[in-house]
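All remarks here apply to the structure that follows.
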Amino acid sequence: MTLNPYADLVAGRDPHAVIAETSTRLAALAKSMGPEKITVNPAKGKWSARDILCHLADTEIAFAFRLRQTLAEHHHVVQPFDQDLWAKSYPGIPAEAALAAFTALRAWNLALLATVPAEACAKPVSHPERGTMTFGTLVETMAGHDNNHLRQLEAIAE
């Protein structure tokens with residue numbers, strides 16, 4: 001497996017710029033769908049827009065922890081999680097709550113990233129499924145992950 005399975009979705013853009021605009025893009029997409037469409041599954045076994053928003057909020061929690069542990073510890077080993085197990089609670093969570101949680105957590109993560117010195121981007125971190133990567137790869141993964149789900153939401157919104 002590659003260090004960042006979402007690298008091609010960043011398409012050479014600055015990962016910080018990508019992640020900085022995600023909250024605004026999510027809010028616009030959620031608004032364009034409205035409360036009826038946001039909970040509709042686009043196909044059997046596929047997540048609704050609300051489910052994707054919940055997943056993004058959960059993932060932002062995981063990234064927040066990973067970023068901070070990587071900065072604080074020597075060669076931190078990240079803890080993967082099973083997104084499908086976490087998703088079992090999504091039907092009871094309103095899209096608005098997921099979007100608010102994501103937006104607040106993303107703002108907090110952006111505040112952290114604004115303080116990180118350039119040399120920290122090379123700090124190693126291990127992922128049990130992907131191997132040794134860097135702090136910079138974590139940030140790039142966030143950006144690619146955002147773009148992956150933004151594309152899904154754009155398809156649902158159409």
Residue 60, sole failed condition from (1) within 17 Å of residue 127 (Cβ to Cβ); (2) among the charged types (D, E, K, R); (3) modelled with pLDDT of 95 or more: (1)
Residue check for residue 89: among the small types (Gly, Ala, Ser), at negative phi and in contact (Cβ under 8 Å) with a residue 60 or more places away in the chain: no
Identify the residue in the range 90-127 that is touching a helix residue (DSSP H, G or I) at 6+ places or on another chain (Cβ under 7 Å) and not hydrophobic (A, V, I, L, M, F, W, C) and, among all such residues, is surrounded by the most Cβ atoms within 10 Å (Cβ to Cβ). 106
Go over the candidates 141, 132 one by one and state the one that is farther than 24 Å from residue 21 by Cβ, at pLDDT below 95 and in contact with a strand residue (DSSP E or B) (Cβ under 9 Å, 6 or more places away or on another chain). 132
Pairs only if they're at least six apart or on different chains, beta carbon under 6 angstrom, first in the range 115-139 and closer than 10 Å to residue 67 by Cα, second among the basic types (Lys, Arg); list them, first residue then second. 135/123; 138/66
What do you reckon, is residue 27 under 15 Å from residue 105 (Cα atoms) and part of a helix (DSSP H, G or I)? yes
Criterion first (touching a residue at least 40 places away in the same chain (Cβ under 8 Å) and out of contact with any strand residue (DSSP E or B) (no Cβ under 6 Å at 6 or more places or on another chain)) does residue 8 satisfy it? yes
Check on residue 34, free of Cβ contacts under 8 Å to residues at least 40 places away in the same chain and either surrounded by 15 or more Cβ atoms within 10 Å (Cβ to Cβ) or more than 17 Å from residue 154 (Cα to Cα) (or both): no
Only helices (runs of 4 or more DSSP H) wholly contained in the range 59-158 count here; list those with 3 or more residues that are hydrophobic (A, V, I, L, M, F, W, C) and under 15 Å from the mean Cα position of the chain (by Cα). 95-113, 135-157
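The values are calculated or read from the model by the stated rules, or taken from the named source; none is laboratory data. Please read these numbers as outputs of a predicted model, since none were measured by experiment. All Cβ positions, even for glycine, are placed from backbone atoms using ideal geometry, and neighbour counts span all protein chains on display.
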